[in-house]
Amino acid sequence: MPSLHLPSRRGSLALAVLVAALALAASCASGARAAQTPIASGAGLDWGLKESWRNYIGEAGTSVSAGATRNPDGTFHFPVRGGSYDDVTRNTTVQFGGTVQFLSHCAGGVATRPCELDLTMADPRVEITEDGAFLYAKMTSRPITGGEIVDYPQVKVAELDVEEAVPAVDGGTTRWAGLPATVAEEGAAVFTYSVGTVIDPVTFAYDGPGGKPAGETWATPGTIAYATSPLASTAGATIKWTQPGRTAGERLAIYGQDSSGFALVDAATFAVKPGTRIASSDAEPQSVAFDPATATIFSTGTGANVPIVVRTWDGSAWTGGPIAGSEVAHANGFDVGGGVWDAAGRRYLLPRVVGGVQQLWEVRQVGGVWTHSVIGPIRGGNGLPLPVLVDLEAIPNGSTSSSYIVAADADGGPLRRLHVVDGVVIAEPLQQARGATARALAKTNGGLYVIGASELTFLPIRWNSLLAAETPAVDIAAAGALAGTIYGTTAVDAARDRLYLARHDRQAIMRFDAGVLTHSFAGHHASGPMRYWSDFLVGATTDGRLVHSVAGVANDGSPNADAGLYARAYASRTPSFTTQPRAQPAVLREAGQPVPATISAVVDGDPAPALRWQTRAPGQSRWSDLADGDGVSGAATATLTFAAGAGDNGRQFRAIASNAGGEVASARVAFEVHTPPQVSVEPDDVAVVAGTPAQLKVMPLGNPAPTVTWQQQIDGFWREVDARSGDFDVDGGFLTVVDPNVAMSGARFRAKLENAAGVRFSRAVTLSVHRAITTAVTFGGGHVDWGVSNRWRCYVVGNISRGGIEVSGGATQIPGTLASGDLCRGREAGSESLRFPVQGGVYDPASGRLEVTLGGAVRFWGHDYHVPGSTTPQLDTTFSNLRVVVEGEVGTLYADVVGATMENPTSVTRLGVALARLDAAGSSLVPTADGAAWSSLPAVLTADGAPVFGSYHAGEPLDALSLSLVYGTPKTVEPPTPAPPHEEPPTPAPPVARPAAAARVTAVRGVRRVGAKRRAAVATIVCPAGGACRVTTPKSVVARIGGKRFKLAVVAPKTIKAGKRATVRVRLSKRAVQRLRGRKATVRVKTTVVTGGKRTTRTVKATIAAKKIAKRKAARR
């Protein structure tokens, strides 16, 4: 089956889009603020593209320009050029400036065009919107299969992952840091890596506001939803709480925010039974209890001479009233405890404080008359007084005439059982409670809830006995359930052993079933959150719905429009993933052969959620639903199966679960496909001069990233090179032959790439080692390649000049080297680089002087449309008689130039113009089979050459020169100098200007031994006569010794007197010397010498070694 190729459709973003649209409409209507905030400055963009890519190209092949710079860690910095932030949509666009160029596998082995690998990235731009986050750039690239360089004006290089990211907005700046990046589809077409490949993270900052666009909106996993419906009106009164009624279905209700009355309500509808609503005789009734068998209410109150009041509903009216002689002065609610009806003992019990002593009172019916008595004072097990018992419950004890009486005190002490000893009521901790503390009690048909200050415990009732807790105590303090009083915060469903407990701030309600916290749900109602002292949990209906009341008057005295009773029934629990999606990597043993892969997840919810799987390809931001078919099955089940191919590496999957409660997305899982190693760029044959390190390199691909080892063919067998020998420096995809000699010429090497999916070998390449040229030689043939300047050629043939490039006299244009850039987009034809034939040359190794004369001529013309009716080009310049002179590390390119420019339309003849300065530092003439070559000599425009190009300035980079010279006798034929259309009187040729003497920096030859002072010489500096020299070197360099890296100090003089010599040395640490013993290492030191205004820079390479110490043989006795 093929890899997944799915249409790009939006995920579940409808709600977010709607919200954003409404917000945008509101903003536009109000006109309160401008949406776009311009961005003009800031810290800029830091990005390295991909570290392994940078390492492969190397410093020599990497250059920055147009404002881009290189960070110390090797990544690149691009300055802010502009952009905007939309404070309504929170979309961000930031334009950065600068150019980075990568060159490798170039002609001659030096990083200058033409190159097989040629990539330029310019002016990156970051966009973060609701549709995704991407990095764009202008790019030029030569296809990996070869051909002309292609210009891409805008490429979506990478997708940035901002789903988990939040920008830091502080002090007027916005910073996005470490955004994960993967290669986008457009980027893969230009870049070497496949779609979805992880590349370097992106960090950028700018001056101005910032934010993150609205993303997808999902329900909170595991959220409980209750359906709310109104119950019968209570005629404006608030029911505060209820107690179960008789089997006929009544319940006792206390109503009013100040508990000002009683009523009987229907157990199913909570409608007030006609005629049962009465006002309490107490301002605020206390110790209320209810006998459901006889519909009798017991209560007392606070104040002076407060009696116990008993009322009975006879079916048509309330009878009874205060009990004579039961009056006691209760200053406040703390002088009276909680009352309870003991059904087995047919009595009403309540604690009362009389004369400062807490007593247990009893009310019984004697001869049809309710009478009261004092059982005795209440004491603890230690005989000391106790805090007021605020809640009592009667628990079956197996007797038909009595019950256990358990109590909670005002201080939240241990749950206590009451029993009478010699006229004293002893309240001892209940053993079954196992230390549970109690501030409130709630009895159900099957047990007792003990509610403490910080935890809740359920004690089951079985066989008419109260048993020890069978379930762990629930920590309710962590949920913020209770604080201070709990009055009015609980509701009991006795038939279901269920307790509802409202958090103190009423923001959430917890439901317990037989002591187990089943779930929590929002305590809100139609007009907002439940309010303390205004809204109450009042009970449960016969069908199990929770009933709560909304007060008629809010806390601030304003009326509530939604006052009344409401029933809340459990409806749903939103899905939650108990096991997030997991997948095992797919291993492709053969390219193009998909393998079965599975991803699974476990989801829970009520009702059972429906499941669907979504995916998105690497580099895409939008999710698409999967459907069974085309290699996919289980798209709506917990286990997804599909055919995975190489293109699915990095593909993301997620599951969407939905039910009546809402829709929830799982975590994303990035699928990994292990692919066998591949060679993206093969190594090349290498030719070097003996003693000059030779480097081979390979660019591997594969997942996981392949390990690279290098092999050498010895006696017909391939064997791994020994990095410990000191002859080789192995660093992944790089192999350096440290000190090649002529005897090694013809050695064959290859790279072995290996990962979990397989093994692959690169092509075998040959190392050619040539002896240095030691005697003067002459050249009679060959060619020199030079493109003048890519920008110049692009300008001449492009949309501004609309001209052409014409060659003659043996000069030709090199196929596959078209100029590129905005100036010639769509008009690149005819802009190839130039090749000039060699007429003759001489090289003297003693003086280091090379002089080469070239044949052929090139004409650049354009702007023939500026003068109406005239076809004479305004730009018309011809180069001929080119000559290359190199002395030491400085060279010059001379030419005869005839013609006109736009800035100077009158034709001028200039003979022997020093057009370009050549930098020969760090390179040399390399012998070949029939001559010598010098590749990629960097060139810059001189002050004398600048007028030839019109508006170009001295120091402008030009294309590098590459020389391929063939031994022979120089030709004597002089090519004619072209006559201009309007030739001025000939100007005598000026004498050839010899460059002023420059300092010479020469690497030491052979292997240098480290001396007793742990020093070794690496270079010699010769300062010419006529002026002192100023020397600059790094403080230290890093060298690889025996496979490990060591920092070596550089020792060099700061100044050298005129005509004197000096030595550059490196100093090793003791550990480095120990590691070096018996090995060799290559040291590279960049040395710059300035004298008389001339700068000489060269990176010297030297080989160092340390004497191996023989191990002493142990003496034998």
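The values are calculated or read from the model by the stated rules, or taken from the named source; none is laboratory data. Source: prediction; values computed, not measured. So basically every Cβ, Gly included, is an ideal-geometry build from the backbone, and we count neighbours across all protein chains shown.
The set of residues in the stretch 362-413 being of a type in the set (A, V, I, L, M, F, W, C), crowded, with 18+ Cβ neighbours inside 10 Å and part of a strand (DSSP E or B) consists of 363, 370, 378, 389, 390, 392, 394, 395, 405, 406, 407, 408. Could you tell me whether the stretch 539-549 includes any residue that is modelled with pLDDT of 90 or more and touching a helix residue (DSSP H, G or I) at 6+ places or on another chain (Cβ under 7 Å)? Yes: one or more hits. Summed over the stretch 887-911, the residues that are part of a strand (DSSP E or B), of a type in the set (Gly, Ala, Ser) and farther than 30 Å from residue 923 by Cβ give a count of 2. For the list (1) among the β-branched types (Val, Ile, Thr); (2) surrounded by fewer than 20 Cβ atoms within 10 Å (Cβ to Cβ); (3) out of contact with any helix residue (DSSP H, G or I) (no Cβ under 6 Å at 6 or more places or on another chain), I need the number of the one condition that residue 730 fails. It fails just one condition, (3).
Among the residues of the stretch 817-832, those identified as over 40 Å from the mean Cα position of the chain (by Cα) and either part of a helix (DSSP H, G or I) or not basic (Lys, Arg) (or both) are 828, 829, 830, 831, 832.
Residue-by-condition table, conditions (1) farther than 25 Å from residue 727 by Cα; (2) in contact (Cβ under 8 Å) with a residue 60 or more places away in the chain; (3) not β-branched (Val, Ile, Thr):
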{"position": "1057", "(1), (2), (3)": "yes, no, yes"}
{"position": "1061", "(1), (2), (3)": "yes, no, yes"}
{"position": "1068", "(1), (2), (3)": "no, no, yes"}
{"position": "1080", "(1), (2), (3)": "no, yes, yes"}
{"position": "1085", "(1), (2), (3)": "no, yes, no"}
{"position": "1092", "(1), (2), (3)": "yes, yes, yes"}
{"position": "1096", "(1), (2), (3)": "yes, yes, no"}
{"position": "1100", "(1), (2), (3)": "no, yes, no"}
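Considering the stretch 764-798, the residues that are of a type in the set (D, E, K, R) and in the same structural domain as residue 931 (by TED's automatic domain parsing) include one that is surrounded by the fewest Cβ atoms within 10 Å (Cβ to Cβ), namely 791. Within the set 955, 922, the sole residue that is modelled with pLDDT of 80 or more and in a loop (DSSP other than H, G, I, E, B) turns out to be 955.
Are any of the residues in the stretch 46-59 of a type in the set (Gly, Ala, Ser), modelled with pLDDT under 95 and assigned to a helix (DSSP H, G or I)? Yes, because at least one residue in the stretch 46-59 is of a type in the set (Gly, Ala, Ser), modelled with pLDDT under 95 and assigned to a helix (DSSP H, G or I). Taking the stretch 990-1015 as the range and being farther than 17 Å from residue 1026 by Cβ, modelled with pLDDT of 75 or more and in a loop (DSSP other than H, G, I, E, B) as the test, the residues that pass are 1004, 1005, 1006, 1010, 1011, 1012, 1013, 1014.
Residues checked against (1) under 20 Å from residue 417 (Cβ atoms); (2) modelled with pLDDT under 80:
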{"position": "446", "(1), (2)": "yes, no"}
{"position": "456", "(1), (2)": "yes, no"}
{"position": "493", "(1), (2)": "no, no"}
{"position": "499", "(1), (2)": "no, no"}
{"position": "502", "(1), (2)": "no, no"}
{"position": "523", "(1), (2)": "no, yes"}
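Could you list all residues from the stretch 315-344 that are free of Cβ contacts under 8 Å to residues at least 40 places away in the same chain, over 15 Å from residue 251 (Cα atoms) and surrounded by fewer than 16 Cβ atoms within 10 Å (Cβ to Cβ)? The answer is 319, 324, 327, 329, 331, 332.
Each residue in the stretch 253-274 was checked for being under 22 Å from residue 543 (Cβ atoms) and at pLDDT 80 or above, and 11 pass. Scanning the stretch 139-155 for residues that are touching a residue at least 60 places away in the same chain (Cβ under 8 Å) and touching a Phe, Trp or Tyr at 6+ places or on another chain (Cβ under 9 Å) yields a single hit, 140. Of all residues in the stretch 757-809, which are part of a strand (DSSP E or B) and at positive phi? 758, 782 - these are the residues of the stretch 757-809 that are part of a strand (DSSP E or B) and at positive phi. With the condition being over 20 Å from the mean Cα position of the chain (by Cα) and closer than 21 Å to residue 82 by Cα, I'd like the strands (runs of 3 or more DSSP E) fully within the stretch 132-233 carrying at least 3 qualifying residues. Where strands (runs of 3 or more DSSP E) fall fully within the stretch 132-233 and carry at least 3 residues being over 20 Å from the mean Cα position of the chain (by Cα) and closer than 21 Å to residue 82 by Cα, they are 132-141, 150-160. Being crowded, with 19+ Cβ neighbours inside 10 Å and at pLDDT below 90 is a description that does not apply to residue 662.
A count restricted to the stretch 70-102 and to residues that are part of a strand (DSSP E or B) and either buried (at least 18 other Cβ atoms within 10 Å of the Cβ) or at pLDDT 95 or above (or both) stands at 19.
Checking each residue in the stretch 129-175 for being surrounded by 13 or more Cβ atoms within 10 Å (Cβ to Cβ), at pLDDT 90 or above and under 18 Å from residue 97 (Cα atoms) picks out 134, 135, 136, 137, 138, 139, 155, 156, 157, 158, 175.
Just so you know, in the stretch 1025-1054 the residues that are out of contact with any helix residue (DSSP H, G or I) (no Cβ under 7 Å at 6 or more places or on another chain) and β-branched (Val, Ile, Thr) include one that is surrounded by the most Cβ atoms within 10 Å (Cβ to Cβ), and it is 1033. Only residues that are touching a residue at least 60 places away in the same chain (Cβ under 8 Å) and not hydrophobic (A, V, I, L, M, F, W, C) were counted across the stretch 823-847, and they come to 9. Inspect the stretch 1033-1041 for any residue being under 27 Å from residue 999 (Cβ atoms), of a type in the set (Lys, Arg) and part of a loop (DSSP other than H, G, I, E, B) and give the result as yes or no. Scanning the stretch 1033-1041, I find at least one residue that is under 27 Å from residue 999 (Cβ atoms), of a type in the set (Lys, Arg) and part of a loop (DSSP other than H, G, I, E, B), so the answer is yes.
Only residues that are more than 30 Å from residue 571 (Cβ to Cβ), surrounded by fewer than 19 Cβ atoms within 10 Å (Cβ to Cβ) and in contact (Cβ under 8 Å) with a residue 24 or more places away in the chain were counted across the stretch 624-646, and they come to 5.
Scanning the stretch 116-131 for residues that are under 21 Å from residue 50 (Cα atoms) and either of a type in the set (Ser, Thr, Tyr) or assigned to a loop (DSSP other than H, G, I, E, B) (or both) yields a single hit, 120. The strands (runs of 3 or more DSSP E) found wholly in the stretch 593-673 and carrying at least 2 residues that are β-branched (Val, Ile, Thr) and farther than 18 Å from residue 198 by Cα occupy 595-606, 639-644. Within the stretch 302-314, the set of residues being surrounded by fewer than 18 Cβ atoms within 10 Å (Cβ to Cβ) and at pLDDT below 90 comprises 303, 304, 305.
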